[in-house]
Amino acid sequence: MSIKNSAALLLAASCALAVSADTIVFKSGSRLEGEIVSIAGGEIKFKSDDVGTLTIKDEKVASLTTTKSKVQYKDNTVAEGALAKQNDAYTLAGKPIDMKNVKAVNPEPEKWHGSANLSGSIARGNTRSEKASVVADVNRRWDKDRLAGDFGYYFAQNGTTRDNKEKTEDRIDLGAQFDHFWVTKVYSYVNGRYERDGINNLQYRYRAGTGLGYQWLEKYAHDLTGKWSFNQEAGLTYIKEKYEHESDDDRCAFRYAHHLSWNPKWLEKLAFTHNFEYLPDVGDWADSYLIDTDVGFAYELAAAWQLMGKFEWDYNSKPGPHTKSSDFRYMLGLGYKW
């Protein structure tokens, strides 16, 4: 093969590579070539050999073109073709599309997410004490389904010598919930929970429930405040419990719950969470009820490690014999997130 023919082939290959690259042109006039990984929530995830992976606000982009993209609409239908943006308007395969109806471009494949966090303290000297807690959660989101689970173990003992230490906390809490989305924001759920508390003489409490929920916000990106998720739920729950030296008891309760998470725009590595659950008995809703609530934060450190803090409050209007209605827990520890 002649040198002239080789040069022509190299030039043709270079042109083909250039044509196959996705392109972004900023309103400032700067230009990037590489791969548009995904577009969701007003943000473009872009990858190139020169700058690595970037997250770019859609409002800063004057135009973009892709060789081929997968567009998932909010009704979960999917279309494919070359995506382009010009003058703040998007087209797919040359036809206009309304991004308000788009859930994601090149949606990321479903995968499991979760975290495991450990906190504890030890004292020696005039006081001998050990305190430890382990909390973990796992979740996964599909197009129409969502599964979440959580686990907590809390232990503490105090004394002045090795032989006279007394347990002051000994609790296990384990739960799971499955959601099915019938339309974009409305879903039904089934859940279950197991609790045991050795200090409050609670040998077991089983809960199983079902109901409806509404997802007001799901990773909604607000220009000024950051990303928000918020949902509310209502339904019925069956409760069966037993305290030491007491016969077991079962009852039906109404259930209201809400869940909030927030990532501030000015500190995206920080995440705040708040959960609330209220369970009044169907037959005695004014005087017999349970409340579970917590407020917490997680701050991303490095290599998937995070600093976690949480305040939890459990309230039982009719506690077991010789026990108090309220339980408070404070945690600060190190965790791993995936």
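Data table
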quantity	calculated
Boolean, residue 254 is in contact with a Leu (Cβ under 9 Å, 6 or more places away or on another chain), over 16 Å from residue 207 (Cα atoms) and modelled with pLDDT of 95 or more	no
Any hit, the stretch 294-314, residues being among the hydroxyl-bearing types (Ser, Thr, Tyr) and within 23 Å of residue 213 (Cβ to Cβ)	no
Pair list, Cβ < 8 Å and 6+ apart or interchain, from the stretch 281-307 residues that are on the phi > 0 side of the Ramachandran plot to residues that are in a strand (DSSP E or B)	304/336; 304/337
Count of residues meeting criterion [under 18 Å from the mean Cα position of the chain (by Cα), at pLDDT below 95 and surrounded by 14 or more Cβ atoms within 10 Å (Cβ to Cβ)] in the stretch 185-219	3
Positions within the stretch 89-98 being outside any strand (DSSP E or B) and either touching a helix residue (DSSP H, G or I) at 6+ places or on another chain (Cβ under 6 Å) or under 14 Å from residue 39 (Cβ atoms) (or both), in sequence order	98
Qualifying residue in the stretch 118-129 (condition: modelled with pLDDT of 90 or more, surrounded by 14 or more Cβ atoms within 10 Å (Cβ to Cβ) and under 30 Å from residue 213 (Cβ atoms))	no
Any chance residue 122 is assigned by TED's automatic domain parsing to the domain that holds residue 165, in a strand (DSSP E or B) and touching a Ser or Thr at 6+ places or on another chain (Cβ under 8 Å)	yes
Check on residue 170, part of a strand (DSSP E or B), crowded, with 16+ Cβ neighbours inside 10 Å, at negative phi and touching a strand residue (DSSP E or B) at 6+ places or on another chain (Cβ under 8 Å)	no
Count of the stretch 34-83 residues which are assigned to a helix (DSSP H, G or I) and surrounded by 15 or more Cβ atoms within 10 Å (Cβ to Cβ)	1
Whichever residue in the stretch 99-117 is surrounded by 14 or more Cβ atoms within 10 Å (Cβ to Cβ) and either assigned to a strand (DSSP E or B) or among the small types (Gly, Ala, Ser) (or both) and, among such residues, is nearest to the chain's Cα centre (by Cα)	114
Residue match in the stretch 296-317 (condition: in a loop (DSSP other than H, G, I, E, B) and either surrounded by 16 or more Cβ atoms within 10 Å (Cβ to Cβ) or more than 21 Å from the chain's Cα centre (by Cα) (or both))	yes
In the stretch 72-86, the residues that are over 18 Å from residue 21 (Cα atoms) and in contact (Cβ under 8 Å) with a residue 24 or more places away in the chain	72, 73, 74, 75, 76
Number of positions in the stretch 237-257 that are in contact (Cβ under 8 Å) with a residue 40 or more places away in the chain and loosely packed, with under 15 Cβ neighbours inside 10 Å	3
Residue pairs meeting the criteria (Cβ under 7 Å; at least 6 apart or on separate chains; first free of Cβ contacts under 8 Å to residues at least 60 places away in the same chain, in the stretch 314-326; second surrounded by fewer than 16 Cβ atoms within 10 Å (Cβ to Cβ) and acidic (Asp, Glu))	317/287
Complete set of residues in the stretch 111-154 that are of a type in the set (S, T, N, Q) and touching a residue at least 60 places away in the same chain (Cβ under 8 Å)	115, 117, 119, 133
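The values are calculated or read from the model by the stated rules, or taken from the named source; none is laboratory data. In this text, all values refer to a predicted model and were calculated from it rather than measured experimentally. Glycine also receives a Cβ, built like all others from the backbone with ideal geometry; neighbour counts cover every protein chain displayed.
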